[in-house]
Amino acid sequence: MFLDKKATSIIEAMVVILIVVTWVIWMFKVYTNSQKLSASTANKIQAIQIAREWIEGVKNIRDTNWILFASDNKNCWNVFDYNNSCIWDTSSDKNKFDILAWSYKISQNSDNRWYLDLKRTTETLFSKSDYRNEMEVWLDINWFFTQSWAVSEIIPLFTREIKISYTTNSNDPKMEVISVVRWKDLASNRPHKVEFKSILTNWKK
């Protein structure tokens, strides 16, 4: 009878241990999943901010062109890199001054003006290292996002691509701007994507 009680106590202890271990494992999974979800949500909020900011960056380029080249808004509203050669240009190859239908990075010049930098790689997939290396987003020393290499201890997580297109050509007074931000985190094996689209017009022409 004594042995039966002892065996029963051992079985009960093992059952209790199993329940406790199962609960601990479950709680650990809940904790890690909540941490992944929290990090993924924070990353998505940052990605949305990055995408919106660079839509505003392209708008700023247009608005700055309006100010710099007020005498010829028709030709100069979408000038690439603030090239004043656009003013009253009558050549058949006016596109040489304009923002072309292409993919770009965007940064700021020494005058703190936004400018577009043509994407050089032909890769379009986040999984390709050439694409990630060229389109990555850094934090500068002031903790602002930039696509110019910056001194930072934070490994780049995001890529950003600005896609420009027109209905017909760059003489069209409507420019479609798409800001695409991609990243990958522990919440998914697949890369995430945030995309914002805006139509910029030359309503001052």
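Quick note: the coordinates plus some simple rules give every number you see, no bench work behind them. What you see is a predicted model; the values in this text were computed from it and never measured. Reconstructed Cβ throughout: ideal geometry from the backbone, glycine too, with neighbour counts over all protein chains shown.
Specify the angular offset, from 0 to 90 degrees and rounded to the nearest 10, of the alpha carbon long axis of helix 2-68 from the longest principal axis of the alpha carbons in the chain. Compared with the principal axis, the helix lies near 10 degrees. Summary value for the chain: 19 percent relative contact order, contacts being C-alpha pairs under 8 angstrom separated by 6+ residues. Using R₀ = 35 Å, calculate the FRET efficiency as 1/(1 + (r/R₀)^6) where r is the Cβ-Cβ separation of K163 and T32; round to 0.05. Approximately 0.45, to the nearest 0.05.
For labels at R52 and L186 in the simple 7 Å Cα→Cβ model, what's the distance in nm? Going from the R52 label point to the L186 one covers 2.8 nm.
Would you calculate the separation in nanometres between label points at T121 and W203, each defined as 7 Å from the Cα along the Cα-to-beta-carbon direction? Inter-label distance under the simple model: 3.8 nm. Give the separation of the Cα centroids, the range 37-70 to the range 156-205, in Å. Each part reduced to its Cα centre gives a spacing of 10 Å.
Within the range 42-66, which residues have the backbone N less than 17 Å from the label spot 7 Å out from D172 along Cα→beta-carbon, could you tell me? Output list for this probe position: empty. With θ taken as phi - 60° and the Karplus curve 6.51 cos²θ - 1.76 cosθ + 1.60 applied, the whole-hertz 3J(HN,Hα) list for the range 80-93 is 7, 6, 6, 7, 6, 5, 6, 5, 6, 5, 10, 5, 6, 9 Hz, x standing for glycine and proline. Near K119, the amide H atoms lying under 5 Å from its own belong to S103, Y104, K105; only residues 5 or more places off or on other chains count, and H is placed 1.01 Å from N.
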